[in-house]
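To start, the structure itself, in structure tokens.
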Amino acid sequence: MIIDAHTHIFPAEVRKERHRFFDGEEAFRLLYESDKARLAGADDLVACLDEHEMEMAVTFGFPWKNPELARRHNDYIIESQQRYPDRIAGLCCVDIYSPDPEREVERCLEAGLHGAGELACYMSGIDDEALKRLSPVMEVCRTYGKPVLIHTNEPVGHAYPGKTDISIRQIYGLAAAFPRNRIVLAHWGGGVFFFNLLKKEAKEVMGNLWFDTAASPFLYDPKIYKIACMTAGSDRILFGTDFPLLKPARYFREMENEGLALQEKNALLGENAKAVFGLER
């Protein structure tokens with residue numbers, strides 16, 4: 001069973017006229033101002049799953065500052081999951097700085113979504129204020145037994161749209177602040193899993209973390225798969241493409257060329273996501 005654990009879909013109104021949604025939404029403008037930044041819908045996602053012989057995808061919207069826009073986008077995710085219950089598993093996305101984001105998360109979990117994400121602090125990083133704002137959302141997800149997917153990125157290297165000033169200390173602090181939540185860190189968690197090699201404390205503190213592979217071919221040498229299996233554990237890695245950014249075939253080739261064992265590939269490509277998000281066809 002192959003599950004893409006990190007995909008994005010948008011309602012038709014946003015796909016058709018994205019420029020109407022830039023006002024007051026700096027993060028959306030930053031990521032999608034260029035027409036080369038592709039926007040996809042639920043039908044596009046399912047077509048991609050069929051093309052690449054994948055069973056399911058975990059998908060979500062965008063952390064809009066406008067609460068009404070966030071609600072409409074979450075409604076689209078709910079409707080997409082209801083339309084394709086065997087193919088799409090949705091997450092609720094909110095801006096943690098909006099008023100009472102936990103209420104929207106609870107509404108969406110009650111409607112059947114599988115967790116919250118991709119939550120992002122594009123303008124601030126995961127600082128102390130962000131942790132404070134995250135707290136009620138994390139409490140709701142903990143109560144419902146649902147995971148939270150959070151945007152992270154590597155703190156060094158080249159700049160690109162969506163790369164945020166996030167430090168390893170902040171990512172580590174996130175794990176420490178919410179030890180009873182299941183937390184999936186996007187984009188390999190910025191490489192924080194390397195510190196599992198420390199002899200004291202770190203491995204225990206980061207025991208609530210999983211890591212997805214979203215955008216990996218753009219960011220990391222393919223050796224990351226073997227190194228992550230050794231340091232994070234093959235049971236802690238979720239295959240994610242960041243659809244529609246990249247096609248799955250590119251990830252498959254990299255995994256194959258790195259010689260992952262069959263058990264490792266099965267874990268990465270679906271078994272881990274099935275367990276984390278509670279997915280059964």
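In nm, what is the difference between 0.36 nm times the number of residues separating residue 169 and residue 1 and their Cα-Cα distance?
57.0 nm
Contour minus end-to-end for residue 68 and residue 256, with contour as 0.36 nm per residue of separation and end-to-end as the Cα-Cα distance?
Fully extending the segment from residue 68 to residue 256 adds 63.3 nm.
Remind me, what semi-axes does the stretch 3-277 give for its equivalent ellipsoid, largest first in whole Å, using sqrt of 5 times each Cα gyration tensor eigenvalue?
Semi-axes (√(5λ), whole Å): 26, 22, 18.
Add -39500 (n - 2.57) for each DSSP H run of 4 or more in the chain, then divide by its residues: what number comes out at 222 nm, to the nearest 500 deg cm²/dmol?
-11000 deg cm²/dmol
Less than 10 Å Cβ to Cβ from residue 181, Lys/Arg counted +1 and Asp/Glu -1: what total charge do the surrounding residues give?
+3
Give me the distance in nm between label points sitting 7 Å out from Cα along the Cα-to-Cβ direction at residue 79 and residue 34, one decimal.
Between residue 79 and residue 34, the label points sit 3.1 nm apart.
Scan around residue 6 for amide H atoms under 5 Å from its own, H built in the peptide plane at 1.01 Å from N, and keep only partners 5 or more places away or cross-chain.
Amide H to amide H, under 5 Å and 5 or more residues apart or across chains, residue 6 pairs with 58, 241, 242.
Please give the charge dipole size of the stretch 3-277, origin at the Cα centre, charges +1 on K and R Cβ atoms and -1 on D and E Cβ atoms. Round to the nearest 20 debye. Write down the numbers at each step before the final one.
Numbers: 33 positive and 42 negative charges, 105 e Å.
Charge dipole of the stretch 3-277: 500 debye, to the nearest 20.
Every read-out reported here was derived from the displayed coordinates using simple, explicitly stated rules and does not represent laboratory data. Small disclaimer: the values here were computed from a predicted structure and weren't measured. Every residue, glycine as well, gets a Cβ built from its backbone with ideal geometry; the counts of neighbours run over all protein chains shown.
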